[in-house]
Amino acid sequence: MPRNGKHNKKEKKQMHRKEIIQFALNVSNNAVLSIVDEMSDTPTTFPTSNGGCHPLWVLGHLTLIEGTIPQLLLGETNPVERWKEYFGGGTEPVADANKYPSLSEIRETYLRLRERNLKLLESLSEEELDRPTKTQPKGLESEFDTYGKSFMTLALHQMSHRSHLTDARRSAALIALAAAN
């Protein structure tokens, strides 16, 4: 507060790390879900003619990673560990939607796990963001070595997969355009 006891309108509240992470998680969530929802009628549209990560696979993969956060931080079992065979790193997306859980089941599970992670983050103090995680994924030890970095990496990871979704949306539009001609 200024010396005269009045707030200057130009003064801005300083954001704390937790607020920045919450902001990043909310922005990335909205950026991804808006496209997944838009693509719900064509969830297995590949982003390129050579395949890639289609919307159903992306959301399933992101759901699997959401379940990993309590595992890394608290040592809990990932509630969607059984989905690793479909959405784990190194899996190859396939065009047959019947090979996966339904998009609605994946979306509902994702939302439930995201809500839990947001509540977990909310429960932490700024100091607790520096707490070391119980374990880290092999090769990503630095990105997941603290609670705070784990949550921030979750948001960044989500945004990196948004590119697959935007490419799939573009691909779906080109397929529709070609079919119309």
What angle, in degrees between 0 and 90 and rounded to the nearest 10, separates the Cα long axis of helix 103-122 from the longest principal axis of the Cα atoms of the chain? 10 degrees
Just one of (i) 18.4; (ii) 19.8; (iii) 17.9 is Kirkwood radius over Cα pairs in Å as worked out from the coordinates here. Which one is it? (iii)
Given the rule -39500 (n - 2.57) for each run of at least 4 DSSP H residues, summed and divided by the residues of the chain, what is its mean residue ellipticity at 222 nm, to the nearest 500 deg cm²/dmol? -19000 deg cm²/dmol
Toy charge model, Lys and Arg Cβ at +1, Asp and Glu Cβ at -1: the chain dipole around Cα centroid in debye, rounded to 20, equals 840 debye
Order of Ser123, Ser34 under a 10 Å beta carbon neighbour criterion, fewest first: Ser123, Ser34
Report, by chain and number, residues whose modeled amide H sits under 5 Å from the one on Thr146, excluding near sequence neighbours (fewer than 5 apart, same chain). Thr133
Using the number of other C-beta atoms within 10 angstrom as an exposure proxy, rank His161, His61, His16, His54 with the fewest first. His16, His161, His61, His54
What ranking of Glu128, Glu66, Glu115 emerges when the number of other C-beta atoms within 10 Å of each C-beta is taken as an exposure proxy, fewest first? Glu115, Glu128, Glu66
So which of Lys99/Lys119; Lys84/Lys138; Lys13/Lys149; Lys18/Lys138 end up more than 21 Å apart, counting from Cα to Cα? Lys99/Lys119; Lys13/Lys149; Lys18/Lys138
Find which of Gln158, Val58, Gly148 sits farthest along the positive direction of the dipole of the chain, computed with +1 on the beta-carbon of Lys and Arg, -1 on that of Asp and Glu, about the Cα centre. Gly148
What do you get for the angle between helix 17-38 and the principal long axis of the chain? Use alpha-carbon atoms, 0 to 90 degrees, nearest ten. 20 degrees
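None of the figures in this text is laboratory data; all of them are computed from the coordinates on show. On a predicted model such as this, the values are computed, not experimentally measured, just so you know. Reconstructed Cβ throughout: ideal geometry from the backbone, glycine too, with neighbour counts over all protein chains shown.
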